[in-house]
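Peer 1: Got a structure here, written out as structure tokens. Questions coming.
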Amino acid sequence: MAPYGTPFPQVGDSADEVQWWLVPTPRSAIARMSADENKPPKPTEQKFALGAVVITANAQSQLDEISVFACLYRHANGDWGDLDAEDKKTNQRALMHGGRLFSAYHTPSGVKFYIITEWDRSLTTILLPEDY
């Protein structure tokens, strides 16, 4: 069994296609967060729906659960992470007018990863740059 999440239907038919995992987002995971750099901000209202949350198998094998949940919380609250000012403006426009939302984060150990919510808010994907 994977450390977190449950298998999501595989994309494609071949073994080298990307595998996805559903990510549960229980409040208990947020409550367990330590005081590291990924600590979420004070509770606020979520700015948009995440839809189904999935993580690539590669990201799941390299990211720790606390970082994933902390950054997913940040993403849902409009903290876009390590993006430049222009990309943050693009996200703000997408939030207001409908568009894909993109965030970039780093774990405390320095692993970079992305969180992307589709334009229709039906799906949020957690992935590494090489999975993109």
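Peer 1: Only one residue in T90, T6, T44, T25 is modelled with pLDDT of 95 or more and polar (S, T, N, Q), so which one is that?
Peer 2: From the options T90, T6, T44, T25, the qualifying one is T90.
Peer 1: Identify, please: which residue in region 100-110 is buried (at least 21 other Cβ atoms within 10 Å of the Cβ) and not aromatic (F, W, Y) and is, among those, nearest to H75 (Cα to Cα)?
Peer 2: Checking each candidate, the answer is S103.
Peer 1: Please give the helices (runs of 4 or more DSSP H) falling wholly within region 56-132 in which 1 or more residues are within 20 Å of E45 (Cα to Cα).
Peer 2: Answer list for region 56-132: 65-76, 85-97.
Peer 1: Same structure, new question: Can you go through F113, F48 and tell me which one is of a type in the set (F, W, Y) and surrounded by 19 or more Cβ atoms within 10 Å (Cβ to Cβ)?
Peer 2: F113 is the lone residue from the list that is of a type in the set (F, W, Y) and surrounded by 19 or more Cβ atoms within 10 Å (Cβ to Cβ).
The values are calculated or read from the model by the stated rules, or taken from the named source; none is laboratory data. From a predicted model like this one, the values you see are computed outputs, not experimental measurements. Virtual Cβ from ideal backbone geometry, glycine too; neighbours counted across all protein chains shown.
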